[in-house]
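Below is one structure, written out as structure tokens; the observations come after it.
The values are calculated or read from the model by the stated rules, or taken from the named source; none is laboratory data. Worth saying up front: this structure is predicted, and the values here are computed from it rather than measured. Using ideal geometry, Cβ is built from the backbone for each residue, glycine included, and neighbour counts are taken over all protein chains shown.
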Amino acid sequence: MQRAGFSTARLARVTAAMQGYVDRCEVSGVVTLAWRRGETACFEALGLRDEAGQLPMQRDTLFRIASMTKPVTSAAIMMLLEDDQLALDAPVAQWLPELAEPRVLRDPVGALDHTEAARAPITVLDLLTHRSGFAYHFTATGPLAHAYEAVFNGFESSSGPDAWLARVATLPLMFQPGARWQYGISTDILGILIQRISGLTLGDFFRTRIFEPLGMRDTAFWVHESQLSRLATAYSIDPGTRKRVVDDRAPDSRWANPQRFQGGGGGLVSTAEDYLQFARLLLGRGRVGDVRLLSHRSVDLMRSNFLSRDQRRAPAFGHIVWAGQGFGLGLSVVDDPAQQLPLGYRSTGSFGWPGAYGTSWFGDPVEDLIGMMLIQRRAVEPFAMPLDFERRLYDAIDE
């Protein structure tokens, strides 16, 4: 039997594999979704959303999607581009004067006061492609890594956006703007740029321009009291015991505060069904059904590699990740499937970007496919579950 061109027997293998991670207590629960050729092929909730309360995982469970927020922020920037309110090559200091005179470390691991002037201004494109020179505390090195601990990526900040940006502006850049890809707070800065240009909070811009038009009712920067019971418990991995420990739980969740920092790099909460709508927007080149939010060209740019050959050779996350893929505007993009490491399954032109709590998704224009796997397991080391899901999902395609 088939559904959306999948073998139902092989889809059952996907379910069994995901259930295995639950049974081995590697995760408390998981929601998986596969959409292909205009229909949902599978949509399953396994395990528990909260172990202490023995609450089952459900299709409408809310997840902290972390860096899956970045493609949303990037799409919002492209909307402002289409509105003629910014340009990709424009210096961001035009709207963010705090960044008018950046300093750059002479040595990425050197002292914070050993700097030189930036040789070029930071542009909107630099921020979209993570070539601005900004980092995270876990991607920086030396004294800069320690300095970043005070700013992280905004969504845990107790400061307002202006105060947060003022603090960021005191930090030197790790590299010259445009020089290399360095994962960091660039997309959070784009979130503040959206607020400055639009005059709206980032949450209101997302809600009115993206979420409401797409029917994304459960996606926001904070969880309303009426929704809190659906929020999955988040876990982290204890480095000593290697066991899962509670990181954030619904009754006293940090995401229940309506005054939370609205971080464009990682602050959103969403559901599988909601984020599917956004993924369909990008797979559909700016359109979902009768709703068009972006032009074909804008989405094509988001789904195009902007990294040079040398930039792709530079290590990231401790190893070279760009062998079979590049980076577009807020998205990774596969352009050589045979070179994906580990062995890749996504087709040429596939795109996506995961989140730190284990949430992952991709869109594949060749297969007309969207795959999504949502968990709440935060860890520094790689975790095989997302790749396992993808491999088995592709193996289930039957036509």
Review point. Exactly one of (1) surrounded by 22 or more Cβ atoms within 10 Å (Cβ to Cβ); (2) at positive phi is unmet by Gly328. Its number?
Key: (2)
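Do we find that Gly160 is surrounded by fewer than 18 Cβ atoms within 10 Å (Cβ to Cβ) and either without any contact (Cβ under 8 Å) to a residue 12 or more places away in the chain or farther than 30 Å from Arg309 by Cα (or both) in this structure?
The answer is yes for Gly160.
Conditions (1) in a helix (DSSP H, G or I); (2) in contact with a helix residue (DSSP H, G or I) (Cβ under 9 Å, 6 or more places away or on another chain), marked per residue:
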residue	(1), (2)
Leu112	no, yes
Arg119	no, no
Leu127	yes, yes
Ala166	yes, yes
Leu200	no, yes
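Among the residues of segment 180-198, is any touching a helix residue (DSSP H, G or I) at 6+ places or on another chain (Cβ under 7 Å), in a loop (DSSP other than H, G, I, E, B), within 24 Å of Pro121 (Cα to Cα) and aromatic (Phe, Trp, Tyr)? Spell out the reasoning first.
Step one: list which residues in segment 180-198 are touching a helix residue (DSSP H, G or I) at 6+ places or on another chain (Cβ under 7 Å), which gives 180-181, 185-187, 189-195, 197-198.
The next check asks that each one be in a loop (DSSP other than H, G, I, E, B); those that pass are 180-181, 185.
From what is left, the residues that are within 24 Å of Pro121 (Cα to Cα) are 180-181, 185.
Adding the requirement that they be aromatic (Phe, Trp, Tyr) leaves 181.
So far as segment 180-198 goes, yes, one or more of its residues are touching a helix residue (DSSP H, G or I) at 6+ places or on another chain (Cβ under 7 Å), in a loop (DSSP other than H, G, I, E, B), within 24 Å of Pro121 (Cα to Cα) and aromatic (Phe, Trp, Tyr).
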Check your understanding: Do we find a residue being of a type in the set (Lys, Arg) and crowded, with 16+ Cβ neighbours inside 10 Å anywhere in segment 313-322?
Key -> no
Practice item. Check segment 250-273 and report whether any residue there is outside any loop (DSSP other than H, G, I, E, B) and more than 29 Å from Gly29 (Cα to Cα). Key: no
Check your understanding: Of the residues Thr8, Thr32, which single one is touching a residue at least 40 places away in the same chain (Cβ under 8 Å) and among the polar types (S, T, N, Q)?
Key -> Thr32
Check your understanding: If you go through segment 1-26, how many residues are more than 10 Å from Leu46 (Cβ to Cβ) and either assigned to a loop (DSSP other than H, G, I, E, B) or hydroxyl-bearing (Ser, Thr, Tyr) (or both)?
Key -> 8
Review point. Is there any pair linking a residue in segment 41-52 that is in contact (Cβ under 8 Å) with a residue 60 or more places away in the chain to one that is among the hydrophobic types (A, V, I, L, M, F, W, C), with Cβ under 6 Å and at least six apart or on different chains, and which?
Key: Phe43/Leu33; Arg49/Leu55; Arg49/Met57; Arg49/Ala232
Study note, to complete from the structure: Those residues of segment 232-249 which are of a type in the set (Lys, Arg) and in a strand (DSSP E or B) amount to Arg244
Exercise for review: State yes or no: is Gly110 within 22 Å of Ala179 (Cα to Cα), in contact (Cβ under 8 Å) with a residue 24 or more places away in the chain and not polar (S, T, N, Q)?
Suggested key: yes
**Study point:** Matching residues in segment 294-319 - criterion: being in contact with a Phe, Trp or Tyr (Cβ under 8 Å, 6 or more places away or on another chain) and either closer than 10 Å to Arg180 by Cβ or at pLDDT below 95 (or both)
**Key:** Leu307, Gln311, Arg312, Arg313, Ala314, Ala316, Phe317
Check your understanding: Could you list, in sequence order, the residues of segment 286-308 that are farther than 20 Å from Asp364 by Cα and either of a type in the set (Lys, Arg) or part of a strand (DSSP E or B) (or both)?
Key -> Val291
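When the residues of segment 274-285 are filtered to those that are in contact (Cβ under 8 Å) with a residue 24 or more places away in the chain and either charged (D, E, K, R) or in a strand (DSSP E or B) (or both), which remaining residue is farthest from Asp188 (Cα to Cα)?
If we take residues in segment 274-285 being in contact (Cβ under 8 Å) with a residue 24 or more places away in the chain and either charged (D, E, K, R) or in a strand (DSSP E or B) (or both), then Arg280 is farthest from Asp188 (Cα to Cα).
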